[in-house]
Amino acid sequence: MSELINILTIPFLLAMFLAVNMGASGTAPSFSAAYGANVLKKSLIPGLFGIMVLIGALIAGKEVSLTLGKGLINQSFFTPFNTSIILFSISLSILIANLIGVPQSTSQSTVLAISGAASALGEFNSKKLVYEILPTWVILPIIAFIIMYILSKWVLPLLKSNFLISNYKNLKEHKLLKYTLIISSLYVAFSIGANNVANAAAPIASLTVNEMAENEIKNFIPIIILSVLIVTPCFAIGSSLMGYKVTKKTGKEIVEVSPFHATIIAFITASLLLLASLTKGIPSSLVQLNGAAFIALSISKKGTKNTFKNKTVKQFFTIWAIAPIFAFFLTYFLIKIFN
């Protein structure tokens with residue numbers, strides 16, 4: 001048992017480090033809308049975020065965990081070395097994005113890091129990536145953008161007389177709207193738990209199964225649950241340490257949001273992510289869904305030219321493109337060199 005613990009220590013520590021970075025990055029799509037609308041104090045966000053992520057992972061995270069733990073590479077290739085390299089590459093790409101203050105897709109970095117490892121080992125399941133995962137990454141942000149653009153450009157202006165559309169300096173008089181927005185933020189955090197916790201939990205669960213010499217699927221689920229319970233508290237830690245910067249950038253530096261707009265964005269993005277989690281277990285990017293919705297709102301208000309001149313929008317697209325590719329090649333070359 002002590003030998004097993006020694007073998008698993010470094011990968012589990014790296015998974016926890018990754019979860020810290022995911023907590024920082026994931027706070028933005030969860031609570032940037034509520035924070036931008038000034039309905040929550042930043043001190044409350046980490047605790048609420050951590051609790052809902054845990055619930056989401058335990059209730060609806062199984063399918064995504066199976067995709068990352070078995071779907072892209074044979075489970076037997078999650079050795080201590082390979083797993084550590086994968087987790088290190090993902091963590092580094094997300095850490096850089098967090099330090100810049102741009103919320104980055106951990107799911108995309110995770111998928112490409114595992115794909116990089118699989119390519120280096122000659123065991124890459126490209127069909128899953130090409131025919132299921134990549135189309136989902138393209139289609140879901142487009143859907144989020146289109147829905148939000150149609151609503152903000154043509155539907156919501158018809159409701160101008162309705163108090164829900166106004167920008168409020170003080171929401172104390174509008175408790176229903178305030179609590180609806182908070183509930184929608186919790187719903188987003190739940191969706192993150194369902195989809196993103198697997199990024200850290202699935203590799204170490206597969207590793208643990210391998211080291212215990214037990215590959216039966218019936219024994220994989222309890223180990224996934226144990227892995228989730230270990231890494232999820234780190235989401236709250238990351239949210240507390242680094243979440244404020246990325247939350248502020250998304251919630252206040254792309255476009256000013258009303259409480260009602262913020263609620264709509266939260267429900268759209270969380271629902272799309274949960275759909276990807278529950279149907280085919282596709283690891284997807286909530287930060288990009290959230291960003292697409294905010295950009296749609298900005299275009300409807302400021303126009304396309306002014307939106308894409310925004311420094312924050314430019315940063316988003318740059319980091320979104322670079323970070324997953326960085327994770328792929330770093331994993332690929334490290335495994336190639338050291339193996």
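Some observations on this one:
- Across the options L229, T110, T180, the greatest Cα extent toward the positive end of the charge dipole of the chain (unit charges at beta carbon of Lys, Arg, Asp, Glu) belongs to T180.
- Note on the chain: dipole from Cβ charges, positive end direction compared against S152, L72, I337; the farthest Cα belongs to S152.
- The angle between the Cα long axis of helix 259-279 and the longest principal axis of the Cα atoms of the chain comes to about 30 degrees, rounded to the nearest 10.
- For the pair I150 and I325 in one chain, pulling the backbone fully straight at 0.36 nm per residue adds 59.8 nm over the alpha carbon distance.
- Approximate spin-label separation I337-M212, in nm, with each point projected 7 Å along Cα-to-Cβ: 3.4 nm
- Working from Cα pairs under 8 Å separated by at least six residues, relative contact order for region 81-153 is 23 percent.
- By the helix-only formula, in which each DSSP H run with n ≥ 4 contributes -39500 (n - 2.57) and the sum is divided by residues, the chain has a 222 nm mean residue ellipticity of -25500 deg cm²/dmol.
- Whole-Hz ³J(HN,Hα) from phi, Karplus 6.51 cos²θ - 1.76 cosθ + 1.60, for region 132-140, glycine and proline x: 10, 6, 4, x, 5, 4, 7, 6, 4
- Debye, to nearest 20: dipole size of the chain, +1 on Lys, Arg Cβ, -1 on Asp, Glu Cβ: 1620 debye
- Value of relative contact order over region 1-102, rounded to a whole percent, pairs C-alpha under 8 Å and six or more apart: 57 percent
- Signed unit charges on C-beta, dipole axis of the chain, positive-most listed residue F124, A323, F220: A323
- When the chain is treated as a Gaussian network with alpha carbon springs shorter than 10 Å, the biggest mean-square fluctuation among K280, K70, K305 belongs to K305.
- Helix 217-252 and the long axis of the chain differ in direction by around 40°, with both axes built from C-alpha atoms.
- Phi to ³J(HN,Hα) by Karplus 6.51 cos²θ - 1.76 cosθ + 1.60 over region 290-304, Hz, x for Gly, Pro: 5, x, 4, 5, 5, 5, 4, 5, 5, 4, 5, 9, 10, x, 5
- Among the listed pairs K70/K153; K153/K178; K127/K301; K41/K314; K42/K127; K175/K311, those with a Cα-Cα distance over 32 Å are K70/K153; K127/K301; K42/K127; K175/K311.
- The 3J(HN,Hα) values that the Karplus relation (6.51, -1.76, 1.60; θ = phi - 60°) gives for region 88-101 are, in residue order, 5, 5, 4, 4, 5, 5, 6, 4, 4, 4, 5, 5, 6, x Hz. Gly and Pro appear as x.
- Mean separation of Cα contacts under 8 Å (6+ apart) over length of the chain, as relative contact order %: 40 percent
- Angle in degrees between helix 45-60 and the longest Cα principal axis of the chain, rounded to the nearest 10: 60 degrees
No lab work stands behind these numbers, since they all come straight from the coordinates. Just so you know, these numbers come straight off a predicted model, no measurement behind them. Note that we place each Cβ from the backbone using ideal geometry, even for glycine, and neighbour counts take in every protein chain shown.
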